[in-house]
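**Student:** Structure in structure tokens, see below.
The values are calculated or read from the model by the stated rules, or taken from the named source; none is laboratory data. Since this is a predicted model, take the numbers as computed values, not measurements. Here the Cβ positions follow ideal geometry from the backbone for every residue, glycine too, while neighbour counts run over all protein chains shown.
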Amino acid sequence: MTATPDQASSEDLERRPPSTIPVTINNQTVQLPEREMTGLEIKQAAAAQGLPIDTGFQLSVKHGHRYDVVGDTDTVRIHRNLEFLAVPPDDNS
């Protein structure tokens, strides 16, 4: 019995890895899995992919010639060529 086109395409989708979106964080490419993510989710994804950052870092996203801070609960619409900067918190002690 042969598969119908609908069955074949759904099987292909199940075998394919989830699509990701390449972005840059601290000049390194990171693959993000979602179209919208919170600042915390972005930092967690970057750390999971080996970037030397943690969830305590301050995340900023580049808009034109400036960077805007992204809070842990702020939602960012993810797209190709998005640039982030993640820096450790200031230690004023």
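**Student:** Please note which strands (runs of 3 or more DSSP E) are completely contained in region 29-93 and include at least 1 residues that are loosely packed, with under 13 Cβ neighbours inside 10 Å and touching a Leu at 6+ places or on another chain (Cβ under 7 Å).
**Tutor:** Here the list is empty.
**Student:** Give the residue that is nearest to residue 75 (Cα to Cα), with candidates limited to residues of region 37-65 that are modelled with pLDDT of 95 or more and among the charged types (D, E, K, R).
**Tutor:** Going through the qualifying residues, I end up with 41.
**Student:** Is one or more of the residues making up region 72-91 aromatic (Phe, Trp, Tyr) and touching a residue at least 40 places away in the same chain (Cβ under 8 Å)?
**Tutor:** yes
**Student:** I've got another one for you. For residues that are modelled with pLDDT of 95 or more and either in contact with a helix residue (DSSP H, G or I) (Cβ under 9 Å, 6 or more places away or on another chain) or more than 18 Å from residue 87 (Cβ to Cβ) (or both), tally how many sit in region 22-35.
**Tutor:** Of the residues in that region, 9 qualify.
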